[in-house]
Protein chains: 2
Amino acid sequence: MEDIRRKTVKTVLTEGASHAGEIVDVKGWVRTRRGNKNVQFVALNDGSTINNLQIVFDLSKFSDDDLKAITTGSSIHVQGELVASQGAGQSVEVQARELEVYGTAPGDYPLQKKGHTLEFLREKAHLRPRTNTFGAVLRIRHALAYAIHKFFNDKGFYYFHTPLITASDCEGAGAQFQVTTLPLNDLPKDEAGNIDYSQDFFGKLASLTVSGQLEGELGATALGLIYTFGPTFRAENSNTPRHLSEFWMIEPEMAFYEIADNMDLAEEFIKYCITYALEHCADDIKFLNDHFDKELIDRLKFVVENDFVRLPYTEGVKILEESGKKFEFPVYWGVDLASEHERYLVEEHFKKPVILTDYPKEIKAFYMKLNDDGKTVRAMDVLFPKIGEIIGGSQREENYEKLQKRIEELGLTGMDWYMDTRKYGTVPHSGFGLGFERLVLFVTGMQNIRDVIPFPRYPKNCEF
Amino acid sequence: MEDIRRKTVKTVLTEGASHAGEIVDVKGWVRTRRGNKNVQFVALNDGSTINNLQIVFDLSKFSDDDLKAITTGSSIHVQGELVASQGAGQSVEVQARELEVYGTAPGDYPLQKKGHTLEFLREKAHLRPRTNTFGAVLRIRHALAYAIHKFFNDKGFYYFHTPLITASDCEGAGAQFQVTTLPLNDLPKDEAGNIDYSQDFFGKLASLTVSGQLEGELGATALGLIYTFGPTFRAENSNTPRHLSEFWMIEPEMAFYEIADNMDLAEEFIKYCITYALEHCADDIKFLNDHFDKELIDRLKFVVENDFVRLPYTEGVKILEESGKKFEFPVYWGVDLASEHERYLVEEHFKKPVILTDYPKEIKAFYMKLNDDGKTVRAMDVLFPKIGEIIGGSQREENYEKLQKRIEELGLTGMDWYMDTRKYGTVPHSGFGLGFERLVLFVTGMQNIRDVIPFPRYPKNCEF
C-alpha cells in the first residue's frame, strides 16, 4: 500500500464531502457487509465515533475470494478515494482501491447479530465495548470524566490523590474489603491466639477505602480547593442495579466555603458536566435516546435549564406528609428518605431538581456542621429525576469541641490526625461527593449501573 | 464585615497593582508575622499559590490584643485596601481594616519553624501540604495529572477505567495484595481442608491489580485509542526511595499503532507534560529548583528541547561493554539493564533521553511482539536522566498462534478472554506505561517517591 497517513473514521466523516477526491487510508472493524453481484458495501467502525464509514468494493476490481475474509468483526485496512455518497445515511463513502485484512472473525464471534440483550453482553464484558451501545456509553463516560477535570482545573481546584488502602474506617460509610499479604493457610498468631497483624504488610489490619473525604479535608485545609476522583470500594452484599462493589467517586472539598457556596458549586458543577456531554457526545446520546430511553435528551435539558429548588428537609417531609400519596416506606420527621420520596419531590411536586438541606443529625455523618437548633446539620443532598440522590454533601463542623463531642458520642477512635485540622487554624469548609457511575447512568439513560463501567465488580463477580 | 466577594491570594497577586485602591476580601493561613511597635506584617497563604500576600496591620487601628491570636498556622479573614507595596518581594499588599480570626494555632503546632527535614514532615503527612515544599509538589502533581488528561483528550483518546480488584495476575508484573471479606479468625474450609473461596465476596480468590494493560487492550481493540490513569498496587517488600505499594499509573493503548508510532507518542506525550508544568507551575518549580535541586529547570528544558535517541538494546549493550566504565552490575547481552547502565547511556554517552528498543524476549513480558530474529521483542523503554526508565512499552503480539505458544511456554492460564482480542478481528496495536509518581519525581526534582504523593503506602506504613 501507499504510505498515506491514516485518518480515523471520525475525522473522515467530520471533514466530509469537502475532502471528496482525496485518497484516504482507514483502518477498523467490519460491522456489516451487504451488496450484490456488482458491488459490496462494508460498514467500517474504528471506535472513534458511533458512526460507520461506508467502504464500497467494486467486484470488477476485487474478487469474491478477496472479500471472503471480510465478515462481521474482522479487521481491515483500506485505501481508496473519498467520494460523495449516493446512498442515504452518509455524506461520503470510500471507493476501495487497496485492501489488507488484519484479522478474520470466525463464525463463533459472539457479536455476530445485532440485538443481543444487555444481560448477554454483560457476560461478554471483554467484547461489549465493540457494540454501538457500549461504545456510546464508554465515550460518554470519558467525556464526563474529562469535563470533571476541566471544570475543577479551570476553577483553581487541585486534583488530590487520597489513599486507597487505609487503616481507618472513620466515616463508617460502608463495609470494607480487607487487604492482606498474610498466608491465609498459615496465619501468624500472637500469644493470645489472635491474628498477629504486626506481621501483615502494613503492620496492621488494612482495608480498601470507602471515601477519601477525610483525607480530602487535609488537602483543602492546606491547598484551599481540592477534589478527588478515584476508585472507592464497598463490601456490602448488594445485588442491585444501583450498586457496585468498586466504583469511582468525585469528592471536592473547599476551604472557606459555607453551605450556600457548596450548593452553588454542586449545581454549577453538575450542569457543566451534563452540558459538556450534550455538546461533545451528541451522536452517542442521540443513539441511546432513540434505542433505550426516548425521554433522555429532554431529561438532560430539563436539568440544565432549571434552577434547582433549595429546601430544608423539614419542609420536604411536610410536603411528603401532606401529599396524600401512598408510599411504600412511611414518611415522618427523622426518617432517612427513600428514593420514592426523593423522586416524588423532584418529579411530581416541584418538577425540578431539588437540593434538600438541614437533615436530622442522627441520619447524617459525624463531621457535618451542627445547626443552632441542635437537631439538624448543614447537610445537602442533590435529588434528580429518575436517580434520586446524585450528590451528598455538607458544610463540615469546624469547631474542635463540638466535633470532639460528636466523635466521643459515637465512640470513634484514632481520629487525632483528622482533629488536627480543627486544632490548628481551623476554617469553615464544605464539600460533597458524587458517585461517578450515578452521573454516567443519568447521562446515558442506562438502567443498570453494571452497564456504565467497563468491568463491573459485584458480589460473586470479578471477571476479566 | 462587608459583603465583598472573596479573592484568592493568587488572584490578588496576579491582578497586582492594577487593582490598587480596591477593598479586597481575603482568607487564609498565617505563615509568619513580624513587625514593630507601629505596624505588624502578616504573610498570608491560602494554598492557591506558593506566594504569600502581605497583610499590614496598623497598630493605631488594631491593638496587641486583637492580634495576639495571629500566630503561625492560625487562620484569618481580612478585609482591607489593596495598595502598591513599599517593601521588596511583593508588588501589592493589603492595609487591613477588618479582621476575623477563624482558628488559632496553639504553640504545639508542628510546622512552627521553617526548615523541618523531609523525614520529619513525612511523619506529619496530614499537615505537610501546608508547607511551601509540599504545596509546590502537590500543585505540580495536579498540573501534570491535568496535562495528561488534556493531552489524551485532545488527541481523541478515551479514558478507560480498568478494574482494581481482579481475579487474574496475568501480567506477572509483581506480587499482589489479596482482597477478602472472609473472617480470618474463622475461615471456611472445603472437604479437603482448603480455604473455600467460593464463600468469599467475589466467589474466588481476588487481588489488587498490578497493571490495567490487558483490560486496556480490550478497550483499544474496540474504541481505538484509550488510556488508563488509576491506582496500581505492588506487594513487594521494597523499602526504597523509588517504590510505593500504592501508586498511580497511566497506560495508553492504541489500536493500529506500530512500535514507531508508539515511540512518537511517548516522546510527544512526556514533552507535553513537562512543558505544561514549566508553563503552569513556574513559581513552584522555581522554588524547588532554588531550594532542593539547582539543576532542575535545566534538566526539564534539556528533555523538552532534545530529540530522544532511538537505539536497539543490542547496540546499547555494545556501547556499555565498550565504555570501559566500571559498573556495579555486569553488562552483557541478555541482562536486564540496571539504572546505572541506563543513566550512563543517557547522561554520559548520548547526553540525551534514549528510547531503547528490541529487548531480549526472556526479560520482557509475554505479550510483546516477537521480532523476525526470534530472539528479541518490540519493546521500548524511555530512559531519562537521574530517573532511568520512566516509560516502558511495546508493540503487542497480535498473532494468535504466536501469542498462544508464548502463553503455553510460560504456563499462563485463564487467558481466554484476552486471547479473544487476537481471535476476533486482531489488529496491530501498541501501548506503554508511565508510573505517575516517577514523572512527578522527575518534574519536582524530589529525591524520595514518598514525598510526591499525599499519603504514601509502603511496608509497615498506611497512616492517615
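Things worth noting here:
- Per residue of peptide B:197-206, the mean number of Cβ atoms on other chains within 10 Å of the residue Cβ is 4.
- Average accessible surface area per residue within chain A, 1.4 Å rolling probe, Å²: 39 Å²
- Surface burial for A against B, with a 1.4 Å probe and both sides summed, reaches about 8900 Å² of accessible area.
- Counting from the shortest, the label point at A:L412, 7 Å from Cα toward Cβ, is 4.4 nm from the same position in each remaining copy.
- Distance to the A-onto-B rotation axis is smallest for one chain A Cβ; residue and value in angstrom are A:H149, 2.
- Part-to-part distance (alpha-carbon centres) for segment B:286-363 and segment A:321-364, which is given in Å: 63 Å
- When peptides A:216-228, B:287-299, A:122-134 are sorted by average Cβ neighbour count within 10 Å, with the highest value leading, the order is A:216-228, A:122-134, B:287-299.
- For segment B:19-130, the relative contact order comes to 26 percent (Cα pairs under 8 Å, sequence separation of at least 6).
- Per-residue shielding of B:417-424, expressed as the average number of other chain Cβ atoms within 10 Å of the residue Cβ, stands at 5.
- Taking every residue in A:177-186 and counting other chain Cβ atoms within 10 Å of its Cβ, the average works out to 6.
- Calculated label separations, B:D108, copies of the chain, 7 Å along the beta-carbon direction, nm: 6.9
- Taking a span of 24 Å or more along the helix axis (Cα atoms) and a mean Kyte-Doolittle hydropathy of at least -1.0 as the rule, the DSSP H helices of chain A that qualify are A:132-154, A:259-280.
- Modelled FRET efficiency - R0 41 Å, A:E362 with A:T275, Cβ distances, 0.05 increments: 0.65
- Calculated label separations, B:D3, copies of the chain, 7 Å along the beta-carbon direction, nm: 6.8
- Each of A:G433, A:Q395, A:M446 was placed along the dipole of segment A:393-462 (beta-carbon charges, centred on the mean Cα), and the one lying farthest toward the positive end is A:M446.
- Over the C-alpha trace of segment B:9-103, radius of gyration and Dmax come out as 12.0, 34 angstrom.
- Under the Karplus curve 6.51 cos²θ - 1.76 cosθ + 1.60, θ = phi - 60°, whole-Hz ³J(HN,Hα) for segment B:231-247, x wherever Gly or Pro sits: x, 9, 10, 9, 9, 5, 7, 9, 9, 10, x, 10, 10, 10, 7, 10, 9
- 17 Å Cα-Cα reach of A:K325 towards lysines, excluding residues that sit fewer than 8 places from it in its own chain: A:K351
- Computed helical MRE - 222 nm, chain A, DSSP H runs ≥ 4 contributing -39500 (n - 2.57), nearest 500: -8500 deg cm²/dmol
- Most tightly packed first, judged by the mean number of other beta-carbon atoms within 10 Å of their residues, the peptides A:265-276, A:421-432 read A:421-432, A:265-276.
- Links that overshoot a 21 Å alpha carbon limit, given the list B:K364/B:K402; A:K27/B:K405; B:K124/B:K286: A:K27/B:K405; B:K124/B:K286
- Percent carbon-and-sulfur accessible area, segment A:9-103, ignoring ligands, DNA and RNA, probe 1.4 Å: 45 percent
- Spatial separation of Cα centroids for segment B:209-285 and segment A:107-130, in angstrom: 29 Å
The values are calculated or read from the model by the stated rules, or taken from the named source; none is laboratory data. The shown structure was predicted, so the numbers you read here are calculated from the model rather than taken from an experiment. Because the Cβ atoms are built from the backbone with ideal geometry, glycine has one as well, and the counts that use them run over all protein chains shown. The accessibility values were calculated without ligands, DNA or RNA, using every heavy atom of the protein model including side chains. Shrake-Rupley method; radii C 1.70, N 1.55, O 1.52, S 1.80 Å.
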